[in-house]
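Okay, so here's the structure we're looking at.
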Amino acid sequence: MDAHLFRRFCEDLVPRLTGARLEKLQEPAPGLLTLTLFKAGRKCQLCLRFGRKEPFCFLTEKRISAGHAPTARIMRLRKYAAERRIAACVTQFCARRLWLLLGDASGGRHGEGAASGTSLWLLLDLREGPSLHFLEAQESPAEDRPAWPAPENLDEACANWRQWPVLTPALRRTLTHLEKLEQWALLEDLRAGGGDIFLYGAPFHKKGGESGPGPAAMSVRAVSAWPLPPALREGLEPLCAESGAPENAQGTAFPPHMPPSAVQGCRILDLLERAGQSLVLERLAQENAAAAALPLDRRSRKLARLLCKLDEEEKRLGAMLAARADALALRENLWRWPADLRAASLNVPVGAASAGPEEATREAGQAAMRQIRLDPRRTVREEMEALFHRARRGQRGLEHLAARRAALEEEAAALRRARRELLPGSHDAAMPGAKTQSAGKTPAPTPGRTLPKNVQLFVSADGFALLRGRDAKGNLAALRLAAPHDIWLHAENGPGAHVIIRRAHGGQDVPERTLDQAGALAACKSWQRDAARARILYAEARHVKPLRNAPAGTVRVDKVFSSREVPVDCELETLLLPAL
C-alpha cells in the first residue's frame with residue numbers, strides 16, 4: 001500500500017474511528033490483524049496486513065473469523081486496548097503509520113492500565129505491525145507535514161529521492177512515464193490531498209482462452225491513488241465498484257460481481273474494501289493452500305519418479321517376454337541340430353514353425369533366416385529352456401508391474417483431488433475445511449480423502465462448489481464441512497435438504513446466478529419440488545447451529561441473511577454435476 005494511498009484511506013477512515021469502541025483484537029493469520037470497532041450501533045472490522053511485502057489496510061463490515069488461540073502479542077494488546085474508545089487519531093502517512101489515542105470505555109483520555117499523567121496510544125504500522133506506547137499526557141505524535149519538491153526541482157528531487165519521503169517508489173515509477181506538465185500536475189494533486197483512487201484487475205479466463213465469470217473474475221490486482229500509465233498496467237484493466245452493497249431486485253444483500261466499467265460516486269472505503277478482499281484475503285487463502293499442499297506436492301513428485309521407473313522396468317520386462325519368440329523358434333527347429341550342440345548363435349528360418357521336417361528342409365533355402373544369439377556354455381535345448389524361463393519371469397513381472405502402476409496412478413489421482421480440494425470457493429473445492437477454520441486457512445486433506453457418501457457435490461455456472469445433503473445425516477455432515485463464512489441455504493417453511501455455497505473468505509461476493517442455482521438445488525430436494533418458484537432462506541454457516549437431542553439435520557438459525565424466491569429447475573441436478 002503506497003503512502004499516498006494510505007493517506008487517502010486515512011482521510012476517510014479517521015472520522016469513522018474517532019469515538020468508536022475497540023471491542024476485539026484478533027490475528028486470523030500471521031501478519032494479519034483485525035480490530036472490531038463499534039460505533040453508532042454498527043460494527044465493522046479494521047483489517048491490517050503488515051510486513052515488508054505488500055502491506056495493506058481496509059475497513060469492512062464483513063466479519064473475518066479467527067479460529068485459533070491468540071498469540072502473546074495479541075493477548076497484551078487485548079489487555080490494554082480492548083473495550084476502550086478511540087479518542088483521537090494521528091496520521092503519519094509517509095511512514096504509513098496511524099496512531100490511535102485510547103481512552104476509557106466512557107470516552108475519557110485516561111483508563112485502567114495507563115499510569116496517571118500518561119496517555120495510551122495504539123500504533124498501527126503497515127511495516128512493523130501494532131504496538132502500544134505510553135506517552136506523557138502533554139506528549140502526542142506529530143502529524144506528518146512533509147516537504148514537497150518544487151516543479152522546477154523535480155528532476156533533482158527524484159535523483160535524491162531519499163531526502164524526499166513523498167517521492168515513494170510507486171510515485172517515482174509513474175513519474176518516469178509522464179510528461180513534464182503531467183508530472184507537475186500529479187504532484188500538485190497529491191500535495192493538495194483528496195481525490196479518487198483507481199482499481200485495476202484482469203478478467204478471469206476459462207480453459208480455451210475465452211473469458212467468463214468465475215469466483216475470481218473481477219478480482220483486484222492493483223490499486224493506486226492516481227491513474228497508472230499504460231506502461232505500468234501490464235495488461236490490467238481499470239475496474240470500479242459501487243459504494244456499499246445494496247440489495248438487488250431479488251432482495252439479497254450478496255452483491256454480484258461488478259462490471260468493469262466506471263461508476264461515479266464511489267466511496268474510497270468501499271473501493272479499498274473490495275481491493276482488500278482480493279489483495280489480502282484471497283492471496284492469504286492461496287498462500288495457506290500452497291503451504292498446506294507442500295506435503296502433497298512432495299509425494300506427487302515422488303510418485304512421478306516412481307512411474308518413470310516403472311516405464312523403464314516395463315521396457316526391461318518386455319524384452320524378457322520377447323525371449324519367448326526365440327524359445328519357440330528353437331523348439332520348432334531342434335531337429336536340425338545335434339543334442340549336444342553348443343554355439344554362440346544360430347540361424348533359423350522365419351515362418352517355418354508349422355512346416356514338417358521334409359517341407360522345412362525343402363523351403364529352408366527359400367525362407368528368410370534370422371539369427372538367435374545363444375550362450376555357448378549351454379546346449380541348444382538348455383538355452384531354449386532358459387529362454388522359456390526368462391519369458392515366464394517377464395510375464396509375471398509385467399502382471400505385478402500393472403498392479404503396482406494402477407495403485408500408484410490411483411494414489412496420484414487422489415493427490416490431485418486433494419490438491420484441488422485445498423482451494424475453497426472454487427469448482428475444485430470438493431472437500432471444504434472444518435467449521436473451526438479461520439479466514440484464508442484450509443486444513444491439508446489426506447490422500448484419498450473424499451466427500452462423505454451422503455453429501456453430494458455440484459458446481460455452479462460461476463465455478464463455486466455447492467454441497468447438498470442426500471438425507472438428514474447428510475445435511476448434518478454438509479454443515480459440519482462448512483466454514484463459518486460459507487453460505488447455508490434451506491427451503492423456507494418446510495423440510496428440505498441443506499445446501500452449502502463454499503467461499504474462499506468472508507468477503508468473497510457470490511454472483512446472483514450462483515445464488516439462484518444453489519437455491520434451486522435446495523428446492524429440488526424439499527417440499528417445494530413441484531412448485532414453479534420456491535422461497536429459500538440464506539444465512540452464513542456460523543449462524544446455523546445443530547440442535548442437541550434432536551433428529552439429525554435439525555438446526556437453529558440465529559440470523560437469516562436474506563430470503564428470496566428462485567425458479568425451481570430440477571435439470572440443474574444433472575447439469576451442475578462436476579466433470580470427472
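Data for the structure
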quantity	calculated
Whether the stretch 3-136 is rounded, prolate or oblate, judged on the alpha carbon gyration tensor where a/c under 1.5 counts as rounded	rounded
Rel. contact order, % - alpha carbon contacts under 8 angstrom, at least six apart, the stretch 493-580	31 percent
For peptides 298-304, 274-280, 17-23, 54-60, sequence by mean Cβ density within 10 Å, most packed first	274-280, 54-60, 17-23, 298-304
Gain in span if fully extended, D144 to D340, counting 0.36 nm per residue against the direct Cα distance	60.1 nm
Karplus (6.51, -1.76, 1.60) ³J(HN,Hα), θ = phi - 60°, over the stretch 329-339, in Hz, Gly and Pro reported as x	5, 5, 5, 6, 10, 4, 5, 6, 10, x, 5
Positive minus negative residues near E399 (Lys, Arg vs Asp, Glu; Cβ under 14 Å)	+3
Mean Cα-pair separation over length for the stretch 1-131, i.e. relative contact order, pairs under 8 Å, 6 or more apart, %	24 percent
Long-range HN-HN contacts of R533 with modeled amide H, under 5 Å	V568
Segment H68-H133, extension gain: residue separation times 0.36 nm, minus the distance between their alpha carbons	20.7 nm
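Each value in this text was obtained by applying a stated rule to the coordinates, not by laboratory testing. Everything numeric in this text was worked out from a predicted model, so none of it was measured. Heads up, the Cβs are rebuilt from the backbone with ideal geometry, glycines too, and the neighbour counts pull from every protein chain shown.
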